[in-house]
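The values are calculated or read from the model by the stated rules, or taken from the named source; none is laboratory data. The shown structure was predicted, so the numbers you read here are calculated from the model rather than taken from an experiment. Cβ: placed from backbone, ideal geometry, glycine included. Neighbour counts: every protein chain shown. Heavy atoms of the whole protein, side chains included, go into the accessibility calculation; ligands, DNA and RNA do not. Shrake-Rupley method; radii C 1.70, N 1.55, O 1.52, S 1.80 Å.
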Amino acid sequence: MTIDWAAFTPWAALGGGVLIGIAAAMFILINGRIAGISGILGGLLTPQKGDILWRALFIGGMVLAPSAWLLFADLPTIQIDADYPLLIIAGLLVGISTRYGAGCTSGHGVCGISRMSPRSIVATLSFMATGFITVFVVRHVIGA
Amino acid sequence: MNKYFVSAFVTGLIFGIGLLVSGMANPDKVLSFLDLAGAWDPSLAFVMGGAIVVGVIAFTFVRGRTHSLLGAPLKLPTKKDLDSRLIMGSLGFGIGWGLAGFCPGPALVAFGAGEMKAIVFVVAMLAGMGIFELLERRPKATA
């Protein structure tokens, strides 16, 4: 393991993380809900009465975040190296799996660990593990 | 009730800005974090750390309560068992995350930035969630 000190941005990461934590805190304190993105988004696909607007507004806020950002500054780099077939496979896998496993990086990773849920800790360790393994296989076994 | 809707929107906005500030909305940076054997960028551990420190305070505060500060019922997950769905789903999610560098939140933010590849990813992700719903509601076959 070699650390890429040039790419390492601890303060921006910590600051952004604190903002994500504030969002998760606001959502449980005010709305009484877990800020789990896959769950909020997935719930829109099986609309229940009285349960649509808050989901749509939350997702709308996320999608409009770059536009709000652009009022003040240029957007940070968003570099997507995967080609279209790979993006489609990855998207399908993320969509099915986050619903099957009842959460993703936000619901299990941030909120679940914060409330010390054993299920979420196991889920986070599981997706971190296959995330590390997948990148290892793609980059160092098959790839380049 | 309007306050809850304003809060939902503002929360989504802050969440999205947090993803942009932190670098999580950039798949290249996410993959550099997941690439332990390459030139490793540990930044994303700090994203999780920052978020969890704030999260712990909020979730400790709500422990034992039944309603939010504005009186909404607290909807906390009630499942406790470590079943195969949780583990298989999480393992599968990690593979998809490692292939593209996108998890659901950052994908929505990159979608909002108008990145064509993120739009394709989000459409595929929604299709995946739709497939899950269809499989869930399929009548169980009797062998």
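General remarks:
- Shielding by partners - mean other protein chain Cβ count within 10 Å, residues of B:109-118: 6
- Think of the protein assembly as shown as a dipole: +1 on every Lys or Arg Cβ, -1 on every Asp or Glu Cβ, centred on the Cα centre; then among B:Ala25, B:Phe15, A:Gly112, A:Gly112 lies furthest on the positive end.
- Mean sequence separation of contacting Cα pairs (under 8 Å, at least six apart), scaled by the length of chain A, corresponds to a relative contact order of 26 percent.
- R0 of 30 Å, Cβ-Cβ distance B:Leu36-A:Met116: FRET efficiency to nearest 0.05: 0.70
- Sequence-distant lysines (8 or more away, or on other chains) whose Cα lies within less than 18 Å of B:Lys3: B:Lys75
- Ligands, DNA and RNA aside, B:Phe46 has an accessible area near 80 Å² when probed at 1.4 Å.
- Per-residue SASA remark: B:Ser84, around 80 Å² accessible (1.4 Å probe; ligands, DNA and RNA not included).
- Peptide A:47-53 - average C-beta neighbours from other chains (10 Å radius): 1
- For chain B, the 222 nm mean residue ellipticity estimated from helices alone, with every DSSP H stretch of n ≥ 4 adding -39500 (n - 2.57) and the total spread over all residues, rounds to -22500 deg cm²/dmol.
- In straight-distance terms, cross-link reach from B:Lys117 covers every one of the lysines whose alpha-carbon lies under 24 Å from its own, apart from those fewer than eight places away in the same chain; here that gives B:Lys29.
- Taking trypsin sites (Lys or Arg not before Pro) as exposed when DSSP calls them loop and at most 14 other C-beta atoms lie within 10 angstrom, chain B has its longest site-free stretch at B:1-62.
- Compared with the dominant principal axis of the Cα atoms in chain A, helix A:10-26 is inclined by about 20°.
- Among B:Pro42, B:Pro73, B:Pro106, the residue with the largest mean-square fluctuation in a Gaussian network model of chain B, with springs joining Cα atoms closer than 10 Å, is B:Pro73.
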